[in-house]
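K.L.:
Can you keep this structure in mind? I'll have questions shortly.
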Amino acid sequence: MSAAVKVVRAGGGYGGHDDRWCELSVCDHPTPIAELERLYAIYRLTYLRSDPGQLVPLAGELAAEVQAILHERGFLAGYAAGDCDAGTLRALHDFMGWENYDERIRDDGLIDLEVLADMRLRHAAWRASRA
């Protein structure tokens, strides 16, 4: 019915302000381990920094896809599809802050593949909710 995980590391908390690297718990749930896994996936996206091996250039078709998502969600007005310019990076920064990817915000023209996967899922759900 319940599950929990707590990991401490010196300065490991959000922004390095405490030692709680991860502290999650599930109470009174029919599948607590599966729910803990779901919560940990959210935790990873919102509290942990990007794995350098998961960063790819935001260019070409990938940039066009991200720009379309940002445009549909109201974060990016006019844009040249596939051209990752300063306006695109600013819009992506704002979007990522809005979606609580704070620790993974970048201004170097790279995007985190884990964030991209979550953006795609959330955008599909957002589009479905508007249909």
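The values are calculated or read from the model by the stated rules, or taken from the named source; none is laboratory data. Just so we're clear, the structure is a prediction, and the values are computed from it rather than from any experiment. Positions of Cβ are generated from backbone atoms using ideal geometry, with glycine treated the same way; all protein chains shown enter the neighbour counts. These accessible areas exclude ligands, DNA and RNA; they are computed on the full protein's heavy atoms, side chains included. Shrake-Rupley method; radii C 1.70, N 1.55, O 1.52, S 1.80 Å.
K.L.:
Hey, among the residues in the stretch 13-34 that are under 22 Å from Ile105 (Cβ atoms) and surrounded by 15 or more Cβ atoms within 10 Å (Cβ to Cβ), which one's modelled with the lowest pLDDT?
P.N.:
So, considering only residues that are under 22 Å from Ile105 (Cβ atoms) and surrounded by 15 or more Cβ atoms within 10 Å (Cβ to Cβ), the one modelled with the lowest pLDDT is Gly13.
K.L.:
Which of (1) part of a loop (DSSP other than H, G, I, E, B); (2) modelled with pLDDT of 95 or more; (3) not acidic (Asp, Glu) is the odd one out, the single condition Leu116 does not satisfy?
P.N.:
Single failed check for Leu116: (1).
Conditions tested, residue by residue: (1) farther than 30 Å from Gly16 by Cα; (2) touching a residue at least 12 places away in the same chain (Cβ under 8 Å); (3) open to solvent by 70 Å² or more (accessible area, probe 1.4 Å).
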site: Leu36; (1), (2), (3): no, yes, no
site: Gly53; (1), (2), (3): no, no, no
site: Val66; (1), (2), (3): yes, yes, no
site: Gly87; (1), (2), (3): yes, no, no
site: Glu114; (1), (2), (3): no, yes, no
site: Ala125; (1), (2), (3): yes, no, no
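K.L.:
Name the residues in the stretch 101-113 that are out of contact with any Phe, Trp or Tyr (no Cβ under 9 Å at 6 or more places or on another chain) and either within 17 Å of Thr46 (Cβ to Cβ) or not in a loop (DSSP other than H, G, I, E, B) (or both), would you?
P.N.:
Hits for the stretch 101-113 are Arg104, Ile105, Arg106, Leu110, Ile111, Leu113.
K.L.:
Can Arg49 be described as basic (Lys, Arg), without any contact (Cβ under 8 Å) to a residue 12 or more places away in the chain and surrounded by fewer than 13 Cβ atoms within 10 Å (Cβ to Cβ)?
P.N.:
Answer is no for this residue.
K.L.:
Take Asp85 and decide whether it is within 16 Å of the chain's Cα centre (by Cα), among the acidic types (Asp, Glu) and either modelled with pLDDT of 90 or more or within 30 Å of Val8 (Cα to Cα) (or both).
P.N.:
Spelling it out, it is not the case that Asp85 is within 16 Å of the chain's Cα centre (by Cα), among the acidic types (Asp, Glu) and either modelled with pLDDT of 90 or more or within 30 Å of Val8 (Cα to Cα) (or both).
K.L.:
Another question, then. So, Arg127, is that one assigned to a helix (DSSP H, G or I) and of a type outside the set (S, T, N, Q) or not?
P.N.:
Spelling it out, Arg127 is indeed assigned to a helix (DSSP H, G or I) and of a type outside the set (S, T, N, Q).
K.L.:
Name the single residue that is most open to solvent (accessible area, probe 1.4 Å) among those in the stretch 68-85 being of a type in the set (Asp, Glu) and part of a loop (DSSP other than H, G, I, E, B).
P.N.:
Ranking the qualifying residues of the stretch 68-85, first place goes to Asp83.
K.L.:
Another question, if that's okay. Quick check on the stretch 1-12: of everything there that is assigned to a strand (DSSP E or B) and small (Gly, Ala, Ser), which residue is surrounded by the most Cβ atoms within 10 Å (Cβ to Cβ)?
P.N.:
Ala3
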